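Please treat every number below as a calculation from the coordinates, not as lab data. Source: prediction; values computed, not measured. For neighbour counting, all protein chains shown are included, and Cβ atoms are generated from backbone atoms with ideal geometry for every residue, glycine included.
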Amino acid sequence: MVAKGWYATMNKTKRRIFSTAIKLFAEKGFDNAGIEEITAVAGVAKGSLYYHFETKEELFDLLLEEGLKLLKNSIEIKFKSCENALDKLKAIIMIQIKSIIRYTDFVTVVINNIIGETARTKKCQKAMEEYVEIIKDVIDEGIKEDIFYEGDTLGIAYGILGVNFSSMLYRIKKEGNVTPEQIYKSYIEIVIRGITKV
């Protein structure tokens with residue numbers, strides 16, 4: 001999951017290495033996806049990988065940074081057409097559902113690396129905290145606008161994030177035959193109704 005403009009600036013070899021690494025990190029886990037396997041699947045020499053990325057960790061960092069940047073940019077653009085906090089919350093949720101469906105490998109990598117005490121898990125936790133803060137700010141805004149009920153806004157924000165992540169499982173259960181709009185209507189709309197006054 002990378003910003004299109006940035007991804008497009010990569011040469012073919014770097015792009016192939018990066019895409020392969022994301023896929024293998026998602027399928028096998030970061031620790032089990034070795035440099036040899038990444039280069040073999042990407043069809044490049046090991047030297048090519050080290051020419052573009054100093055370490056496997058650098059590949060991971062780039063994945064996390066670009067994924068979060070794309071998510072934030074999408075939200076920022078959508079917010080320009082929102083009239084209030086409720087519209088913003090709906091926009092965030094829909095963007096996240098679409099991102100989970102479109103960038104499943106990215107989401108899988110983040111989820112697989114969110115728990116623990118390693119430097120890598122701490123980076124994932126920090127990225128997640130930054131994202132949750134956006135949701136929390138919208139909920140705080142909605143309380144001030146008297147649209148949302150008062151409560152533990154950080155807890156509510158994490159709850160919304162969790163419900164969104166569960167859309168991955170819902171989609172698997174439906175064998176992929178479900179649209180973002182159907183996911184939203186199926187159960188996420190109920191969560192929004194639960195915190196909304198109007």
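In this structure, the amide hydrogen of Phe148, modeled 1.01 Å from its nitrogen in the peptide plane, lies closer than 5 angstrom to those of Ile143, Lys197, counting only residues at least 5 positions away or on a different chain.
Grab the other residues whose beta carbon is less than 13 angstrom from that of Glu36, score K and R as +1, D and E as -1, and report the net.
Local charge sum for Glu36: +2.
One entry in (i) 9, 37, 33, 16, 4, 0; (ii) 9, 41, 39, 10, 1; (iii) 8, 32, 33, 19, 7, 1 is P(r) over Cα pairs in 10 Å bins from 0, in percent calculated from the shown coordinates; its label is (iii). Counting only lysines at least 8 places from Lys126 when in the same chain, those with an alpha carbon closer than 25 Å to its own are Lys4, Lys23, Lys28, Lys56, Lys69, Lys72, Lys78, Lys88, Lys90, Lys98, Lys136.
Across segment 47-59, coupling constants 3J(HN,Hα) worked out from phi with the 6.51/-1.76/1.60 Karplus curve, θ = phi - 60°, read x, 5, 4, 5, 5, 8, 9, 5, 9, 5, 4, 5, 4 Hz, and Gly and Pro carry x.
Find, among the GluC sites (Glu not before Pro) in segment 22-61, those assigned to loop by DSSP (not H, G, I, E, B) with at most 10 other beta-carbon atoms within 10 angstrom.
Details: sites: Glu27, Glu36, Glu37, Glu54, Glu57, Glu58; in loops: Glu54.
Those that pass, being in a loop and sparsely packed, are Glu54.
The simple spin-label model puts a point 7 Å past each Cα toward its Cβ; for Thr55 and Ile134 those points are separated by 2.8 nm.
For the peptides 131-144, 70-83, residues were scored by their other Cβ atoms within 10 Å and the scores averaged per peptide; the highest-first order is 131-144, 70-83. Calculated mean residue ellipticity, 222 nm, the chain: -23500 deg cm²/dmol, from DSSP H runs (n ≥ 4) at -39500 (n - 2.57) each, averaged per residue and rounded to 500.
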